[in-house]
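Beneath this line is the structure, given in structure tokens, with notes to follow.
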């Protein structure tokens, strides 16, 4: 069990519907990261940007991007995560992949498809909350619009880190900032949000505002809005244990079940 977890956050512009170009740019960015890290986090739909043209750019779980992620994970000895468009049994999913250095692939299918953009008409929603145990840490992976639904991620599993990957547009960025902080405070965990920057082909503007919040809701990342950049943050297990033991807020949580 590791007392620390070093995570590289890559806040980047995306090339519209061009998986090859996006894999190339992310490989180049990853090669600039210095020192040992445990996990690399990429944005939502990092190979295509947030497109509803699933039939044009969808991949399978045996496709080039999964193989690319396995190669990157092995070369860096770090897990890598981000969502892509996957076709699985004739259905399309906005699927967040978590690939370990061993080559093992785990995933979470976005639960809350974004109806405002018609995502629900194209992509099937997931029905399982996923907790990934990695190097002694429990990680809860989530995708973009999931951020607006706190019941779905209520910390009943004692997870340590909540991670959102996103294409969250600039006009609603105040909600992104506020809800990321709230998810950290209410779940007494680190909460990470990795969002893209730039302008997509539909003229949606993204300003990033990627951030890491600690258990108390303090921002600890050095990432800047509207900039294509990387930051490496170190999460401390002692920070989680100290405040959970001192404040014990999670012991007073309500019990419920989802149907």
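Restricted to strands (runs of 3 or more DSSP E) entirely inside the stretch 162-259, those with at least 3 residues that are under 23 Å from residue 132 (Cβ atoms) are 190-195, 211-213, 229-236.
Residue-wise test of (1) over 21 Å from residue 24 (Cβ atoms); (2) touching a strand residue (DSSP E or B) at 6+ places or on another chain (Cβ under 9 Å); (3) assigned to a helix (DSSP H, G or I).
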{"residue": "85", "(1), (2), (3)": "no, yes, no"}
{"residue": "92", "(1), (2), (3)": "yes, yes, no"}
{"residue": "103", "(1), (2), (3)": "yes, no, no"}
{"residue": "120", "(1), (2), (3)": "yes, no, yes"}
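In the set (1) free of Cβ contacts under 8 Å to residues at least 12 places away in the same chain; (2) in contact with a helix residue (DSSP H, G or I) (Cβ under 7 Å, 6 or more places away or on another chain), residue 242 fails one condition alone, (2). In the stretch 184-205, the qualifying residues are those that are surrounded by 24 or more Cβ atoms within 10 Å (Cβ to Cβ) and free of Cβ contacts under 8 Å to residues at least 40 places away in the same chain, and the one that is farthest from the chain's Cα centre (by Cα) is 184. In the set 60, 47, 71, 51, only one residue is within 25 Å of residue 126 (Cβ to Cβ), at pLDDT 95 or above and out of contact with any strand residue (DSSP E or B) (no Cβ under 7 Å at 6 or more places or on another chain); that residue is 51. Within the stretch 34-57, the set of residues being in a loop (DSSP other than H, G, I, E, B) and buried (at least 17 other Cβ atoms within 10 Å of the Cβ) comprises 37, 38, 42, 43, 44, 45, 46, 47, 48, 49, 50, 51.
Can you name the number of the only condition in (1) buried (at least 21 other Cβ atoms within 10 Å of the Cβ); (2) within 20 Å of residue 27 (Cβ to Cβ); (3) free of Cβ contacts under 8 Å to residues at least 40 places away in the same chain that residue 79 fails? The number of the failed condition is (3).
Step by step: first the residues of the stretch 117-136, then only those that are closer than 30 Å to residue 203 by Cβ and touching a residue at least 60 places away in the same chain (Cβ under 8 Å), then the one that is surrounded by the fewest Cβ atoms within 10 Å (Cβ to Cβ). Which residue is that?
Our first condition is that a residue be closer than 30 Å to residue 203 by Cβ; within the stretch 117-136, this holds for 117-126.
Filter once more, so that each one left must be touching a residue at least 60 places away in the same chain (Cβ under 8 Å): 117-119, 121-123.
Working: 117: 17, 118: 11, 119: 20, 121: 9, 122: 17, 123: 22.
Residue satisfying both the conditions and the ranking: 121.
Does the stretch 59-66 contain any residue that is outside any loop (DSSP other than H, G, I, E, B) and exposed (fewer than 15 other Cβ atoms within 10 Å of the Cβ)? Within the stretch 59-66, one or more residues are outside any loop (DSSP other than H, G, I, E, B) and exposed (fewer than 15 other Cβ atoms within 10 Å of the Cβ).
Hey, does the stretch 137-156 have a residue that's surrounded by fewer than 22 Cβ atoms within 10 Å (Cβ to Cβ), at positive phi and assigned to a loop (DSSP other than H, G, I, E, B)? No; the residues of the stretch 137-156 include none that is surrounded by fewer than 22 Cβ atoms within 10 Å (Cβ to Cβ), at positive phi and assigned to a loop (DSSP other than H, G, I, E, B).
Annotation: residue 217 fulfils all but one of (1) surrounded by fewer than 18 Cβ atoms within 10 Å (Cβ to Cβ); (2) in contact with a helix residue (DSSP H, G or I) (Cβ under 6 Å, 6 or more places away or on another chain); (3) under 17 Å from residue 49 (Cα atoms); the unmet one is (3).
The values are calculated or read from the model by the stated rules, or taken from the named source; none is laboratory data. Remember, it's a predicted structure, so these values are computed and weren't measured experimentally. A quick note on method: Cβ atoms are made from the backbone with ideal geometry, for glycine too, and the neighbour counts reach across all protein chains shown.
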